[in-house]
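Trainee: One structure, pasted below without further comment.
The values are calculated or read from the model by the stated rules, or taken from the named source; none is laboratory data. Treat the numbers as computed from the prediction; the structure is a model and nothing was measured. So basically every Cβ, Gly included, is an ideal-geometry build from the backbone, and we count neighbours across all protein chains shown.
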Amino acid sequence: MNRRGYTLVEVLMALVILSILAVPLAYILVQSGEGSSRARSLDDALDLVREDWTLCRSTRSDSLRDTTWDRRMASGQWRVVRDVFDSSDRAAAGLATIHAGKIGLHPPVEIASCATLRDGDDWDTVRCFKWLRPRWSGK
Amino acid sequence: MVLAGMAVAIGLATLAWNRSWSRRTTSAHADLAWQAQLLAESGTACALQEAMARAGSPPAQTPQTPPNSTAPQPAQKPIVTIRDTTDTACVFHRGAPGEMSWDQPAGTQLLTIRATGTVLESGEPLETTMRSTWGGNPPVDPFSPAISLWDRNGTSLNLTGTVQGQVRVNFATAPPGTIKHKTGGIDQFVPTSIASDTAVAVARMNEAFRSTEASWNGCTFTPERPPDPDKDSLICTGEGATTVFDAPWAGDPWDAGRSRILFAEGRLELRGKLRLRGWTIYSQGTVVIQDDAEVSNTSIFAAGGVRIRDRASFSGQILSAGTVSLTEDARIAAPSFVACWPGKGRDSVPQFVLSNQARAEAYVVALGANARIGISRGARLRGVAVSGSSLRNEGRIEGLAVSVRLDCGHGEDNCSNGSFLRDRLPVDFAFPLGLPGSSGYRLVSWSTGE
């Protein structure tokens, strides 16, 4: 078997090729990490808002209030911000007050729940979901 | 070797890149699908809100009205009263995350709602449909006995069949083995919103038959000539005309397609091995369901009575002016609600009849001075039977019988040879939404699909 060492030219060529290919390789690796991180954030945001939706379902519609709660997860520090379109919002929008005891067609309760992720001193909103929930009209 | 190593490294990196970004796409799709489902749920909330407004509208009868004259009076009843709000009942005030829509409920007793939520995903609509059925939460006590009678002129009670459960009467003197009612009347078993449901149905029919979309002289649908897939509602006019869904007698059943609203000005016949699911049917004439037809999760408003026969089956809600009858091996499956009141012409008597081997699992209400519920020997009703006048049970009632009087065909005062088995009423039985004293709504069943 004829064995010999690499020549200096071969080594230099290999280093040149390595340095050229390292650029797209690094780009791909960085992008992969970002894609995974982003997907994990979306999954966590969905899980948190689903949890908030479950909390809303177990609460009487006329007892729903604006709420904020925090959760520490592997992807970071999260804060869920629930915004209920309540009587003060209705008044600000110039809409009539809802009298729970009266018979009639009432609008459902409007809920917005956003999952925000801590980024330094700021909170980045990852996902917001909105839905309506019926309120019992009373009899 | 160096080059080969580099190629492997790049290959692995590309694979990782591909997997991570496709995972991100999957996560984004899951988010949008969830928002679409929330919109479908919001549409359901809107439909439920409208139904509750109707269920909460003024009662059909005053408490002083005698129990045997509980006929609805559609012309005098408000449909929906908007008193508290000046804005549109269903709207997102802080920007809608997509679109929602829902079918207008035909009746409000067992509320079957089909609602749709739509969001955009890469410019394409992503749609989720939610089907749900809702019932009421009535007070427990009036429904605890096996038999509840309201005949003020009653003097005796002769029950020769099996009775499991309490018997309550409001006779001048309670016969041995019975308990006297303390409070209330038969009205506590009659949903208050039947009249407004009727008014809504009649108004919708009148509007539909004047529409330019109407097909003159009825319609005949077969597997070869199915309903137009682009139409959400089918309007078949012509008073003497018959609208027919004619499925084959043998072979595979014919599914008539996605749920729609059907308006038939004359008689409607559903026959053969037909499948209808989630439809809303308004008919000025008689509705006949026969052969092996399977009609499920459907609301029927019929101004000329409903006949279910042969091996046909039904589940959902029936509001009928005139007789509702089941013969041979016909079935009504849970959850179901049936109400009938006096009609016009043939089959005008407000009666609910189970003959031969027929079975029904439903909350049944017959209203009017000549209202009657009849259960033949061999037939069975599981649920609640409420008659504004007489009830004749020769078969089996598994649940609660409520009537002014019990009839056994002998002219004798309050008698029956049938079975009354209160303990057989399922614990999850679906009560109607509009019962007086109902403390809210209850989800009976639901399903979603993209």
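Trainee: Take the conditions within 7 Å of another protein chain (Cβ to nearest Cβ) and small (Gly, Ala, Ser) and apply them to A:ALA91. Does it pass? Even if it seems obvious, please write down each step before you answer.
Mentor: Numbers: within 7 Å of another protein chain (Cβ to nearest Cβ): no; small (Gly, Ala, Ser): yes.
In short, no.
Trainee: Can I ask one more? Inside region B:306-361, counting only strands (runs of 3 or more DSSP E) that do not spill past its ends, which hold 1 or more residues that are under 19 Å from B:THR280 (Cβ atoms), among the β-branched types (Val, Ile, Thr) and in contact (Cβ under 8 Å) with a residue 12 or more places away in the chain?
Mentor: Because the criterion is at least 1 residues that are under 19 Å from B:THR280 (Cβ atoms), among the β-branched types (Val, Ile, Thr) and in contact (Cβ under 8 Å) with a residue 12 or more places away in the chain, the strands (runs of 3 or more DSSP E) in region B:306-361 that meet it are B:306-308, B:313-321, B:324-326, B:331-341.
Trainee: Just checking, does region B:37-48 include any residue being buried (at least 21 other Cβ atoms within 10 Å of the Cβ), under 30 Å from B:GLY343 (Cβ atoms) and modelled with pLDDT under 80?
Mentor: No - not one qualifying residue is present in region B:37-48.
Trainee: A further question follows. Which of the following residues is facing chain A (nearest Cβ under 7 Å), in a helix (DSSP H, G or I) and either at pLDDT below 75 or in contact with a Phe, Trp or Tyr (Cβ under 6 Å, 6 or more places away or on another chain) (or both): B:TRP34, B:TRP17?
Mentor: Unique residue meeting the criteria: B:TRP17.
Trainee: With A:ALA92, A:ALA115 as the choices, which residue is closer than 30 Å to B:MET100 by Cα and surrounded by 19 or more Cβ atoms within 10 Å (Cβ to Cβ)?
Mentor: Testing whether each residue is closer than 30 Å to B:MET100 by Cα and surrounded by 19 or more Cβ atoms within 10 Å (Cβ to Cβ) leaves just A:ALA115.
Trainee: Ok, one more. Quick check, is B:GLY95 part of a loop (DSSP other than H, G, I, E, B), within 14 Å of chain A (Cβ to nearest Cβ) and modelled with pLDDT under 90? Talk me through it step by step, then tell me what you get.
Mentor: On the way: part of a loop (DSSP other than H, G, I, E, B): yes; within 14 Å of chain A (Cβ to nearest Cβ): yes; modelled with pLDDT under 90: yes.
When the stated conditions are applied, B:GLY95 passes them.
Trainee: Do we have any residue at all in region A:26-42 that's more than 9 Å from chain B (Cβ to nearest Cβ), surrounded by fewer than 17 Cβ atoms within 10 Å (Cβ to Cβ) and either touching a residue at least 24 places away in the same chain (Cβ under 8 Å) or not in a helix (DSSP H, G or I) (or both)?
Mentor: The answer is no, given that none of the residues of region A:26-42 is more than 9 Å from chain B (Cβ to nearest Cβ), surrounded by fewer than 17 Cβ atoms within 10 Å (Cβ to Cβ) and either touching a residue at least 24 places away in the same chain (Cβ under 8 Å) or not in a helix (DSSP H, G or I) (or both).
Trainee: Out of everything in region B:234-292 that is touching a strand residue (DSSP E or B) at 6+ places or on another chain (Cβ under 8 Å) and basic (Lys, Arg), what residue ends up being nearest to B:LEU326 (Cα to Cα)?
Mentor: B:ARG271
Trainee: Next up: Could you list, in sequence order, the residues of region B:185-227 that are farther than 16 Å from B:ARG260 by Cβ, out of contact with any Gly (no Cβ under 9 Å at 6 or more places or on another chain), modelled with pLDDT under 90 and assigned to a loop (DSSP other than H, G, I, E, B)?
Mentor: B:GLY185, B:ARG210, B:THR212
Trainee: Same structure again: So for region A:88-106 (the condition being of a type outside the set (A, V, I, L, M, F, W, C) and modelled with pLDDT of 90 or more), does at least one residue qualify? Talk me through it step by step, then tell me what you get.
Mentor: Step one: filter region A:88-106 for residues of a type outside the set (A, V, I, L, M, F, W, C), giving A:88-90, A:94, A:97, A:99, A:101-102, A:104, A:106.
Within this subset, residues satisfying the condition of being modelled with pLDDT of 90 or more are none.
No, because not a single residue in region A:88-106 is of a type outside the set (A, V, I, L, M, F, W, C) and modelled with pLDDT of 90 or more.
Trainee: Being more than 12 Å from every other protein chain (Cβ to nearest Cβ) and in contact with a strand residue (DSSP E or B) (Cβ under 9 Å, 6 or more places away or on another chain) is the filter here; which residues of region A:49-61 pass it? Please lay out each step first, then the result.
Mentor: Step one: of region A:49-61, the residues more than 12 Å from every other protein chain (Cβ to nearest Cβ) are A:51, A:54-55, A:58-59.
Residues satisfying the conditions are A:GLU51, A:LEU55.
Trainee: Okay, next question. For A:ARG82, state whether it is in a loop (DSSP other than H, G, I, E, B), more than 7 Å from every other protein chain (Cβ to nearest Cβ) and crowded, with 18+ Cβ neighbours inside 10 Å.
Mentor: Spelling it out, it is not the case that A:ARG82 is in a loop (DSSP other than H, G, I, E, B), more than 7 Å from every other protein chain (Cβ to nearest Cβ) and crowded, with 18+ Cβ neighbours inside 10 Å.
Trainee: Continuing with the same structure: Being more than 22 Å from the chain's Cα centre (by Cα), exposed (fewer than 12 other Cβ atoms within 10 Å of the Cβ) and outside any loop (DSSP other than H, G, I, E, B) is the filter here; which residues of region A:54-79 pass it?
Mentor: The answer is A:SER63, and nothing else.
Trainee: A further question follows. In this structure, does B:THR237 turn out to be buried (at least 19 other Cβ atoms within 10 Å of the Cβ), within 22 Å of the chain's Cα centre (by Cα) and either touching a residue at least 12 places away in the same chain (Cβ under 8 Å) or closer than 24 Å to B:SER132 by Cβ (or both)? Quick ask: steps written out before the conclusion?
Mentor: Working: buried (at least 19 other Cβ atoms within 10 Å of the Cβ): yes; within 22 Å of the chain's Cα centre (by Cα): no; either touching a residue at least 12 places away in the same chain (Cβ under 8 Å) or closer than 24 Å to B:SER132 by Cβ (or both): yes.
So B:THR237 fails the test.
Trainee: Can I ask one more? For region B:273-287, state whether one or more residues are part of a strand (DSSP E or B), of a type in the set (Lys, Arg) and either within 20 Å of B:ALA203 (Cα to Cα) or under 15 Å from the mean Cα position of the chain (by Cα) (or both).
Mentor: Scanning region B:273-287 turns up at least one residue that is part of a strand (DSSP E or B), of a type in the set (Lys, Arg) and either within 20 Å of B:ALA203 (Cα to Cα) or under 15 Å from the mean Cα position of the chain (by Cα) (or both).
Trainee: State all residues of region A:51-67 that are in contact (Cβ under 8 Å) with a residue 12 or more places away in the chain and closer than 18 Å to A:SER88 by Cα; if no residue qualifies, say none.
Mentor: A:SER61, A:ASP62, A:LEU64, A:ARG65, A:ASP66, A:THR67
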